[in-house]
Amino acid sequence: MDAFFRVEKAAAAQRGKLIIAGWVLIGVSLLSAVIAPNWGIGLVEWIGLMGAAAALAVLTLHYRPALLPPLAAGGVTLGLILSVVARV
């Protein structure tokens with residue numbers, strides 16, 4: 001993917017840390033979906049949302065690659081806010 005978008009290569013250590021952080025966040029999101037009282041529905045919703053997020057990321061990378069980092073940051077912020085609101 002770096003060859004297509006001419007992204008500067010990050011240091012190997014930084015890249016490894018980002019990969020590990022990404023997998024940890026995916027695991028935490030799965031855990032939060034399964035902890036819910038009705039874990040079967042939570043798991044189905046999680047799989048659906050992961051598919052929708054992947055499709056959105058692919059389409060954004062194809063049409064507007066520079067827009068993806070701000071959208072990702074906004075998505076994380078919105079997710080944290082909604083998780084706090086949902087618990088109230």
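Derivation of every value follows stated rules applied to the coordinates shown; laboratory data play no part. Only a predicted model underlies this, so the values are computations on that prediction, with no experimental measurement involved. Backbone-built Cβ (ideal geometry, glycine too); neighbour counts: all protein chains shown.
Residues being among the hydroxyl-bearing types (Ser, Thr, Tyr) and more than 17 Å from residue 79 (Cα to Cα): count how many of those fall in the range 10-64.
Residues of the range 10-64 among the hydroxyl-bearing types (Ser, Thr, Tyr): 29, 32, 60, 63.
Subsequent filtering for residues that are more than 17 Å from residue 79 (Cα to Cα) retains 60, 63.
So the count comes out to 2.
Starting from the range 68-88, take each residue that is among the hydroxyl-bearing types (Ser, Thr, Tyr) and list its partners that are part of a helix (DSSP H, G or I), counting only C-beta distances under 9 angstrom and pairs at least six apart or across chains.
Correct list of pairs: 83/32.
Here is a yes/no grid of residues against (1) of a type in the set (A, V, I, L, M, F, W, C); (2) under 17 Å from the mean Cα position of the chain (by Cα); (3) surrounded by 10 or more Cβ atoms within 10 Å (Cβ to Cβ); (4) farther than 22 Å from residue 23 by Cα:
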residue: 48; (1), (2), (3), (4): no, yes, yes, no
residue: 58; (1), (2), (3), (4): yes, yes, yes, no
residue: 67; (1), (2), (3), (4): yes, yes, yes, yes
residue: 75; (1), (2), (3), (4): no, yes, yes, no
residue: 82; (1), (2), (3), (4): yes, yes, yes, no
residue: 85; (1), (2), (3), (4): yes, no, no, yes
